[in-house]
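Here is the structure we will look at.
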Amino acid sequence: MTDVRPSQQMRDLGVVQHGAGILAEPARAFNLPTERDEAERITDELFAAMERIGQVHPFAKGMGIAAPQIGIGRTSAVVQPPGDAPAIILLNPRIIDLSDEMDEQYEGCLSFFDVRGLVPRPLKITVETTALTGETVTTVYERGLARLIHHEIDHLDGLLYTARMRTGVAPIPVEEYRQTGQVWAYDGS
């Protein structure tokens, strides 16, 4: 039996892989509530993709997926926090404030799942999103959840986590990452 690389497994599940142009382009915002049906359809597709991916890979620390990762250039992402917390739907998300306090943790990405990278991110972010009804909603996220949300918003801005890594720091193979013993966990605080 041949061993399938994690990135090939994600490609087989419909996740657009590193190098595709759509991952480097800013996504187009929704005009809500006018495009409500389109936003709901894309959100449903994101949930379906998360379900497929979750069948083959456990995400103990939570996971997220952005519309460009399934080939749709719109500003929609879904984040599933760890545990039984409800999923977070992000439509037209924009970071409007972030803390000066940072931490640096390993991240992975469904679009190049063979490696992990050490990424500095703020411990607290304030995010403005648009509800399906068109209202603006502002939410503060902290720690691991802030990291997950920030990662997905970066996708919508056409950035991969490698753009956030310190100069001279390169991603490491997933096999090497597993040997570091370093993990970050969303602790709910």
**Report entry** Some residue of segment 93-104 being buried (at least 19 other Cβ atoms within 10 Å of the Cβ), polar (S, T, N, Q), closer than 21 Å to residue 163 by Cβ and in contact (Cβ under 8 Å) with a residue 24 or more places away in the chain
**Finding:** no
Query raised in the report: What are the residues in segment 158-173 that are under 18 Å from residue 19 (Cβ atoms) and under 18 Å from the mean Cα position of the chain (by Cα), if any?
Result: 158, 159, 160, 161, 162, 163, 165, 171
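Test residue 24 against the criterion of being among the aliphatic types (A, V, I, L, M), free of Cβ contacts under 8 Å to residues at least 24 places away in the same chain and open to solvent by less than 100 Å² (accessible area, probe 1.4 Å), and give yes or no.
Details: among the aliphatic types (A, V, I, L, M): yes; free of Cβ contacts under 8 Å to residues at least 24 places away in the same chain: no; open to solvent by less than 100 Å² (accessible area, probe 1.4 Å): yes.
So residue 24 does not fit the description; no.
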Query raised in the report: Could we say that residue 9 is outside any loop (DSSP other than H, G, I, E, B), in contact with a Phe, Trp or Tyr (Cβ under 9 Å, 6 or more places away or on another chain) and more than 24 Å from residue 165 (Cα to Cα) here?
Result: yes
Query raised in the report: Given the conditions (1) open to solvent by 20 Å² or more (accessible area, probe 1.4 Å); (2) under 19 Å from residue 136 (Cβ atoms), which single one is not true for residue 6?
Result: (2)
Query - Hits in segment 41-82 - residues which are at pLDDT 95 or above, part of a helix (DSSP H, G or I) and open to solvent by 40 Å² or more (accessible area, probe 1.4 Å) - result: 41, 44, 45, 47, 48
Report task. For segment 135-157, enumerate the residues that are open to solvent by 30 Å² or more (accessible area, probe 1.4 Å) and either in a loop (DSSP other than H, G, I, E, B) or out of contact with any strand residue (DSSP E or B) (no Cβ under 7 Å at 6 or more places or on another chain) (or both). Result -> 135, 143, 157
Query raised in the report: Are any residues in segment 83-92 touching a residue at least 60 places away in the same chain (Cβ under 8 Å) and either part of a strand (DSSP E or B) or open to solvent by 70 Å² or more (accessible area, probe 1.4 Å) (or both), and if so, which ones?
Result: 88, 90, 91
Query - Among the residues listed as 118, 110, 123, the single one being crowded, with 21+ Cβ neighbours inside 10 Å and touching a strand residue (DSSP E or B) at 6+ places or on another chain (Cβ under 9 Å) - result: 110
Report summary line: Out of (1) under 14 Å from the mean Cα position of the chain (by Cα); (2) among the β-branched types (Val, Ile, Thr); (3) at pLDDT 95 or above, the one residue 125 does not meet is (1)
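The values are calculated or read from the model by the stated rules, or taken from the named source; none is laboratory data. Keep in mind that this is a model prediction, so the values were computed, not measured. So basically every Cβ, Gly included, is an ideal-geometry build from the backbone, and we count neighbours across all protein chains shown. Side chains are part of the model used for accessible areas, which takes the heavy atoms of the whole protein and leaves out ligands, DNA and RNA. Shrake-Rupley method; radii C 1.70, N 1.55, O 1.52, S 1.80 Å.
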